[in-house]
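The values are calculated or read from the model by the stated rules, or taken from the named source; none is laboratory data. If you're wondering where the values come from, they're calculated on a predicted model, not measured in any experiment. Methodologically, a virtual Cβ is constructed for each residue, glycine included, from the backbone with ideal geometry; neighbour enumeration extends over all protein chains shown.
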């Protein structure tokens with residue numbers, strides 16, 4: 001071990017970053033200069049099925065979508081995240097009333113998305129596609145998708161009580177859209193699709209404002225500049241997209257039109273595409 | 001299927017949450033409000049990896065003695081840094097082009113090793129090491145044993161956000177420890193490092209570096225320093241925090257500093273939001 005402790009009293013291991021402060025700006029910037037990132041699952045498609053927008057609708061929405069998922073699974077590897085839907089909203093409202101912090105709300109919400117993962121898993125069980133427990137999902141994901149055509153997980157990232165307090169209010173900012181996106185980004189997957197109950201992004205909420213016009217494709221900066229009153233996806237996705245390395249875009253599609261699913265999974269433009277930049 | 005919930009909901013806010021959009025700023029504003037302090041007597045103390053633990057017994061043994069001496073008067077949740085082995089693992093990962101999320105997994109393992117080592121030194125005092133899944137037992141251990149040790153990395157693993165610049169996980173052990181202090185409404189967040197606190201430059205490299213005893217987050221961000229004594233993410237999170245509005249950075253190589261910090265004395269650097 002050449003990095004001796006005679007130099008500064010600390011026992012070092014020789015390495016590029018030895019003795020360095022990982023908080024030094026130049027050092028941090030230099031880490032971008034390495035070669036291209038490894039894509040662990042370049043052929044897998046990640047999608048997030050909305051909780052309130054799709055799963056809470058029950059049979060009318062979920063049966064046709066499950067059928068489309070089953071067909072898509074025949075030729076594609078799918079990693080399917082689920083939202084927590086109305087139960088998460090309810091547990092947030094009780095938790096807020098009790099004065100519980102953001103981290104606790106994030107921990108509680110995991111159970112709702114996991115329940116929905118099991119609901120979807122029941123419908124896709126005949127394809128060998130089931131809900132994977134979050135404790136083993138990340139580490140074993142490449143293994144699972146070699147043995148099965150796809151997996152289902154609770155879309156939440158495992159932030160739990162380590163969730164970040166948001167700038168406004170107390171709702172956990174990293175919810176199931178974010179967790180599903182981060183899965184696609186880290187594993188270097190082929191596409192990331194948000195399956196909601198709207199055709200994509202509008203200049204206003206199309207359910208409330210009939211003059212809302214459709215946005216077919218938009219970049220993060222342009223979207224931020226529009227200051228839309230609400231978005232059909234977790235706002236933190238914009239921050240994450242700005243920092244993307246591998247998954248530099250996502251598409252929102254209408255899950256009530258199941259025929260859009262397969263083309264979206266293959267990267268065809270059938271909803272709204274939001275891209276970095 | 002949604003309407004059947006309406007009558008069951010506790011409040012107007014509950015109705016708005018079930019029917020509204022969580023990206024609506026007006027709705028989000030309604031969710032602000034007083035938050036419980038879950039563990040108001042606990043102090044979160046993070047022991048630096050490269051700065052303290054990698055120095056071995058000369059730095060660690062006196063600190064362990066000081067921690068034990070303080071337990072009768074102070075509840076302590078100990079977090080650990082990673083240090084030089086994480087730097088080695090990150091270096092290999094960078095060379096191979098591994099994503100930030102994988103680097104986060106690697107850093108977790110190193111901070112876990114450090115937690116285990118400190119745990120064995122504290123074991124005879126009945127101090128348990130807990131992994132994230134064991135956090136529900138933390139309040140019992142604090143009351144029964146006055147202390148508990150965990151690995152400082154937040155358990156984000158593959159779900160670690162990318163940094164804006166570079167590839168090193170931006171949320172590491174300073175951040176994980178801070179978030180424990182914040183979510184539990186802890187009494188203090190103390191970072192034990194090998195410098196007296198914050199300087200205008202890295203004092204290990206620049207002899208002209210000036211000591212800063214007290215500073216606000218905004219002042220600190222405005223200085224736009226080349227190097228920082230805590231992860232930048234901690235400063236960002238502090239601005240949004242409900243409870244943990246200050247952090248203290250002390251030199252753990254100086255005996256008595258940790259005791260003074262736990263007693264609320266002005267030692268090291270105090271970084272505040274307000």
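Residue by residue, here is whether (1) in contact with a strand residue (DSSP E or B) (Cβ under 8 Å, 6 or more places away or on another chain); (2) surrounded by fewer than 20 Cβ atoms within 10 Å (Cβ to Cβ); (3) at pLDDT 95 or above; (4) not in a helix (DSSP H, G or I) holds:
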site: B:92; (1), (2), (3), (4): no, yes, no, no
site: B:108; (1), (2), (3), (4): yes, no, yes, no
site: B:117; (1), (2), (3), (4): no, yes, yes, no
site: B:133; (1), (2), (3), (4): no, yes, yes, no
site: B:136; (1), (2), (3), (4): no, yes, yes, no
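Please work out if residue B:121 is more than 23 Å from residue A:179 (Cβ to Cβ), more than 18 Å from the chain's Cα centre (by Cα) and in a helix (DSSP H, G or I). So residue B:121 fits the description; yes. Taken over the stretch A:92-102, the residue count meeting the criterion of being assigned to a helix (DSSP H, G or I), more than 7 Å from chain B (Cβ to nearest Cβ) and more than 21 Å from the chain's Cα centre (by Cα) is 1.
In the set B:81, B:101, B:20, only one residue is more than 30 Å from residue A:208 (Cβ to Cβ) and facing another protein chain (nearest Cβ under 10 Å); that residue is B:101.
Of the residues making up the stretch A:38-76, just one is part of a strand (DSSP E or B) and over 21 Å from residue A:88 (Cβ atoms), namely A:45.
Each residue in the stretch B:136-147 was checked for being over 10 Å from residue B:77 (Cβ atoms) and within 14 Å of chain A (Cβ to nearest Cβ), and 3 of them qualify.
Could you pull out the residue among B:154, B:163 that is outside any helix (DSSP H, G or I), within 28 Å of residue A:141 (Cα to Cα) and touching a helix residue (DSSP H, G or I) at 6+ places or on another chain (Cβ under 6 Å)? B:154 is the lone residue from the list that is outside any helix (DSSP H, G or I), within 28 Å of residue A:141 (Cα to Cα) and touching a helix residue (DSSP H, G or I) at 6+ places or on another chain (Cβ under 6 Å). Screening the stretch B:243-269 for residues that are under 30 Å from residue A:166 (Cβ atoms) and over 15 Å from the mean Cα position of the chain (by Cα) and picking the one that is farthest from the other protein chains (Cβ to nearest Cβ) gives B:264.
Taking the stated definitions as given, is residue A:143 assigned to a helix (DSSP H, G or I) and either at pLDDT 95 or above or within 23 Å of residue A:75 (Cβ to Cβ) (or both)? Yes; evaluated as a whole, the condition is true for this residue.
Within the stretch A:200-241, the residues that satisfy the criterion of being surrounded by 15 or more Cβ atoms within 10 Å (Cβ to Cβ) and in contact with a helix residue (DSSP H, G or I) (Cβ under 7 Å, 6 or more places away or on another chain) are A:220, A:223, A:233, A:234, A:236, A:237, A:238, A:240, A:241.
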